[in-house]
1. Please go through segment 182-195 and give me each residue that is open to solvent by 30 Å² or more (accessible area, probe 1.4 Å) and not basic (Lys, Arg), ordered by number.
2. For residues that are assigned to a strand (DSSP E or B), touching a residue at least 24 places away in the same chain (Cβ under 8 Å) and more than 16 Å from Ala74 (Cβ to Cβ), tally how many sit in segment 90-113.
3. For segment 160-208, give me each residue that is of a type outside the set (A, V, I, L, M, F, W, C), over 20 Å from Thr116 (Cα atoms) and in contact (Cβ under 8 Å) with a residue 24 or more places away in the chain.
4. Note down all Cβ pairs under 6 Å where the first residue falls in segment 7-27 and is open to solvent by 50 Å² or more (accessible area, probe 1.4 Å), the second is part of a loop (DSSP other than H, G, I, E, B), and they're at least six residues apart or on different chains.
5. Inspect all residues belonging to segment 41-61 and state whether any of them is outside any helix (DSSP H, G or I), open to solvent by 50 Å² or more (accessible area, probe 1.4 Å) and under 26 Å from Glu99 (Cα atoms).
6. What's the total number of residues in segment 75-94 that are closer than 23 Å to Leu160 by Cβ and surrounded by fewer than 23 Cβ atoms within 10 Å (Cβ to Cβ)?
7. Out of the residues in segment 62-74 meeting the condition of being open to solvent by 40 Å² or more (accessible area, probe 1.4 Å) and in a loop (DSSP other than H, G, I, E, B), tell me which one is farthest from Leu107 (Cα to Cα).
8. Do the conditions hold for Pro38, that is, is it more than 21 Å from Asp108 (Cα to Cα), touching a strand residue (DSSP E or B) at 6+ places or on another chain (Cβ under 7 Å) and open to solvent by less than 50 Å² (accessible area, probe 1.4 Å)?
Amino acid sequence: MGAAMLMVMPPYHGATFRVSEPQIHEFYARLSDAVDIPIMIQDAPASGTVLSAAFLARMAREIEHVAYFKIETAGAASKLRELIRLGGDAVEGPWDGEEAITLLPDLDAGATGSMTGGAYPDGIRPIIEAHRAGEHDKAFALYQQWLPLINYENRQAGLLAAKALMKEGGVIACEAPRHPLPAMHPDTRAGLIATARRLDPLVLRWAR
């Protein structure tokens, strides 16, 4: 047992303090030297650190364990396409993120996986598998089916969606957010659960 991969955002400190590309490169290189499992770089707007496709590709080529990338920035598909072009075989896992709100364009751009909120992999996985098999019409239809829930998580419920769905399905006993985050508004939660029930994800039946 143990971790099979590390997902690590670039170093950042507060709203305005950033480090340079050489320092970011050194950060990931030192991390790579300390482990023997793959590293996924999470390229998320929350850090405020700009990571160009060229820089990410260079780290993939130069740092042993850096091989996976979770791209969550605006224009993710274009960035994934450029990252794959520049990084070649060194980019083993170009992945989609952000609750799969841009999943289909990202898959079209070459993404090989997605790291979403995690509450309904039984909805996300068939989309990816159909796309990988070249069944693009099926992937599109499945994405249309699940998009209301994807959208609700991404645009309304946010990072508390998975906990609410797991609590509703009896998987966990408490959905309280970590302080000081506020709890989800009851009306938002009700809308999330109602949207999910129309799709019958496993999470709502897991422990029932």
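The values are calculated or read from the model by the stated rules, or taken from the named source; none is laboratory data. Since the structure is predicted, the reported quantities are computational estimates derived from the model, not experimental observations. Don't worry about glycine lacking a Cβ; one is built from the backbone with ideal geometry, like all the others, and counts go over all protein chains shown. Surface accessibility is based on the protein's heavy atoms, side chains included, excluding ligands, DNA and RNA. Shrake-Rupley method; radii C 1.70, N 1.55, O 1.52, S 1.80 Å.
1. Step one: of segment 182-195, the residues open to solvent by 30 Å² or more (accessible area, probe 1.4 Å) are 182-190, 194.
Scanning segment 182-195 gives Pro182, Ala183, Met184, His185, Pro186, Asp187, Thr188, Ala190, Ala194.
2. From segment 90-113, those assigned to a strand (DSSP E or B) are 93-96, 113; that's our starting set.
Those still in the list that are touching a residue at least 24 places away in the same chain (Cβ under 8 Å) too: 93-96.
Okay, now just the ones that are also more than 16 Å from Ala74 (Cβ to Cβ), so 93-95.
Selection size over segment 90-113: 3.
3. Here is the first cut: in segment 160-208, the ones of a type outside the set (A, V, I, L, M, F, W, C) are 163, 167-170, 175, 177-180, 182, 185-189, 191, 195, 197-198, 200-201, 205, 208.
Filter once more, keeping what is over 20 Å from Thr116 (Cα atoms): 170, 179-180, 182, 185-187, 208.
Listed by number, the residues that qualify are Gly170, Arg208.
4. Tyr12/Gly48; Tyr12/Thr49; Arg18/Thr49; Phe27/Pro11
5. Our first condition is that a residue be outside any helix (DSSP H, G or I); within segment 41-61, this holds for 41-44, 48-52.
If we keep only those that are open to solvent by 50 Å² or more (accessible area, probe 1.4 Å) too, we end up with 50.
Next, from what is left, pick out any that are under 26 Å from Glu99 (Cα atoms): 50.
Looking through segment 41-61, at least one residue is outside any helix (DSSP H, G or I), open to solvent by 50 Å² or more (accessible area, probe 1.4 Å) and under 26 Å from Glu99 (Cα atoms).
6. Of segment 75-94, the ones closer than 23 Å to Leu160 by Cβ are 76.
Narrowing the set further to residues that are surrounded by fewer than 23 Cβ atoms within 10 Å (Cβ to Cβ) leaves none.
Number satisfying all stated conditions: 0.
7. Step one: filter segment 62-74 for residues open to solvent by 40 Å² or more (accessible area, probe 1.4 Å), giving 62, 64, 68, 74.
Adding the requirement that they be in a loop (DSSP other than H, G, I, E, B) leaves 64, 74.
Working: Glu64: 25, Ala74: 15 Å.
Result: Glu64.
8. Details: more than 21 Å from Asp108 (Cα to Cα): yes; touching a strand residue (DSSP E or B) at 6+ places or on another chain (Cβ under 7 Å): yes; open to solvent by less than 50 Å² (accessible area, probe 1.4 Å): yes.
The answer is yes for Pro38.
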